[in-house]
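The structure appears below as structure tokens.
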Amino acid sequence: MTVNGKCFEAVFGRPVKVLAEAPGRVNLIGEHTDYNGGYVLPTAIPQKTRVEMAPRDDGLIQIATMNVRGGAQLSYRAGEESRRGLWLDYVQGVTAVLRGRGVAVPGFDARIESTVPLGSGLSSSASLLVALARALRAMLGLSIDDVEIARIAHAAEHDFVGAPVGTMDQMAASLADESTALLIDTRTLAFERIPLPAEAELLVVNSGVTHQHASGDYKARRAECERAAAALGVPQLRDVDEVAEQRIASLPAPLDRRARHVVTENARVLAAVAALRAGDLGRLGELFNASHRSMRDDFEVSVPAVDDLVESAQAQPDVFGARLTGGGFGGSIVALVKRGCAARVGRAVVEAYARVPNRRATVLVGEPVS
């Protein structure tokens with residue numbers, strides 16, 4: 001059934017009962033640290049996923065999405081969730097997790113529409129999962145807070161969909177806003193909002209090279225981190241102390257590089273928080289640049305097109321620093337830019353990128369943070 005461009009009532013023949021939404025996120029710094037029990041520092045972006053929902057009394061769950069070419073509608077029955085390898089698995093994951101926690105999930109109709117670009121490294125999947133969980137919380141009157149919403153969304157993506165992601169994306173989609181950075185201890189899920197600097201703004205540019213967290217490269221990096229932690233005798237790389245850190249260089253390649261990235265990236269997150277609190281934009285930019293080098297050289301999750309975008313941004317005089325953001329293997333970059341200059345810098349970076357045939361970048365965030 002073609003649903004593209006149709007409102008909920010036009011698709012399902014009845015009015016909406018519940019509306020919910022959740023933002024995408026850009027991670028300022030702290031990449032591949034979340035599944036290692038470490039620290040992350042994301043913030044919300046303007047792009048969001050919106051879910052419109054109404055209950056049914058026959059146990060049927062019908063989902064219409066606006067984000068498939070031509071629109072699409074799929075269905076399943078409550079209690080009969082089964083992974084299909086389709087976008088519907090994210091919906092099934094949320095209802096399966098809720099049922100596993102004793103929630104009687106009835107049938108419902110839902111219409112999903114998102115402005116978070118797929119595969120851009122900006123957590124389109126977490127935005128979808130959190131918006132769905134919020135809609136079901138409202139429709140069913142569930143007494144669950146936003147941290148629990150994030151836990152449900154993470155379990156849906158990690159356990160049901162099978163993507164080996166950490167908890168950062170779901171926590172950010174559930175708790176972050178556009179005016180603060182969200183410092184998260186991913187081991188405890190303790191969090192703190194750190195105001196973003198008034199003297200700077202963020203620029204986010206999508207490289208157009210898509211990635212997928214359920215793919216082999218991402219899983220391989222997580223497995224390498226687990227092997228490195230075991231070799232160092234710690235539960236997770238978050239637990240590396242000064243003694244264990246001295247042993248990183250003795251690990252076999254590439255485990256030495258993987259561990260070095262995670263340990264130094266954790267330190268960079270805490271240093272970035274200190275720089276934010278001190279208003280030291282120069283230091284914050286240096287940390288962005290160092291993070292990208294580490295992701296490129298030690299964790300090896302960047303690609304040449306993304307490196308070109310980062311280098312182009314770093315070369316601009318009004319840019320404090322720039323880095324790959326997200327899981328890597330494509331996606332987007334984030335740059336810290338002197339306030340009022342992001343739009344100009346974004347145009348320059350996109351134009352330089354397009355000089356290579358068949359490459360097209362898109363500025364996703366370039367307005368002052370308010």
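The values are calculated or read from the model by the stated rules, or taken from the named source; none is laboratory data. Worth saying up front: this structure is predicted, and the values here are computed from it rather than measured. Note that each Cβ is placed from the backbone with ideal geometry, even for glycine, and that neighbours are counted across all protein chains shown.
Some points to look at:
- Unmet requirement for GLY121, which otherwise passes all of (1) over 13 Å from the mean Cα position of the chain (by Cα); (2) under 24 Å from ALA275 (Cβ atoms): (1)
- Count of residues meeting criterion [assigned to a loop (DSSP other than H, G, I, E, B) and either touching a residue at least 24 places away in the same chain (Cβ under 8 Å) or touching a Gly at 6+ places or on another chain (Cβ under 8 Å) (or both)] in segment 179-192: 4
For every residue, the table says whether it meets (1) over 20 Å from VAL40 (Cβ atoms); (2) in contact with a helix residue (DSSP H, G or I) (Cβ under 7 Å, 6 or more places away or on another chain); (3) surrounded by fewer than 24 Cβ atoms within 10 Å (Cβ to Cβ).
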site: PRO106; (1), (2), (3): yes, no, yes
site: GLU113; (1), (2), (3): yes, no, yes
site: SER120; (1), (2), (3): no, no, no
site: ALA126; (1), (2), (3): no, yes, no
site: ALA156; (1), (2), (3): no, yes, no
site: PRO164; (1), (2), (3): no, yes, yes
site: LEU182; (1), (2), (3): no, yes, yes
site: ASP185; (1), (2), (3): no, no, yes
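- Test for LEU309: is it within 24 Å of ARG193 (Cα to Cα), in a helix (DSSP H, G or I), among the hydrophobic types (A, V, I, L, M, F, W, C) and in contact (Cβ under 8 Å) with a residue 12 or more places away in the chain: no
Yes/no matrix, rows are residues, columns are (1) over 14 Å from the mean Cα position of the chain (by Cα); (2) outside any helix (DSSP H, G or I):
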| site | (1), (2) |
| --- | --- |
| ARG151 | yes, no |
| GLU157 | no, no |
| ASP169 | no, no |
| ASP177 | no, yes |
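- Any hit, segment 39-59, residues being small (Gly, Ala, Ser) and within 16 Å of the chain's Cα centre (by Cα): yes
- Restricting attention to segment 271-285, the residues being under 13 Å from ILE29 (Cβ atoms) and surrounded by 15 or more Cβ atoms within 10 Å (Cβ to Cβ) number 8.
- Only residues that are exposed (fewer than 14 other Cβ atoms within 10 Å of the Cβ) and either outside the structural domain of ARG222 (by TED's automatic domain parsing) or at pLDDT 95 or above (or both) were counted in segment 233-245, giving 2.
- Filtering segment 193-215 for residues that are closer than 30 Å to VAL350 by Cα, charged (D, E, K, R) and not in a strand (DSSP E or B) leaves a non-empty set.
- Of everything listed in (1) over 29 Å from THR362 (Cβ atoms); (2) buried (at least 21 other Cβ atoms within 10 Å of the Cβ); (3) in contact (Cβ under 8 Å) with a residue 40 or more places away in the chain, the single unmet condition for ALA259 is (3).
Residue-by-condition table, conditions (1) over 30 Å from ARG260 (Cα atoms); (2) part of a loop (DSSP other than H, G, I, E, B); (3) in the same structural domain as LEU183 (by TED's automatic domain parsing):
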residue	(1), (2), (3)
HIS32	no, yes, yes
ILE45	no, no, yes
THR49	yes, no, yes
GLU52	yes, no, yes
GLU80	yes, yes, yes
TYR90	yes, no, yes
THR95	yes, no, yes
ARG99	yes, no, yes
ALA110	yes, no, yes
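- Among the residues of this structure, LEU86 counts as one that is more than 25 Å from GLU148 (Cβ to Cβ), surrounded by fewer than 17 Cβ atoms within 10 Å (Cβ to Cβ) and of a type in the set (A, V, I, L, M).
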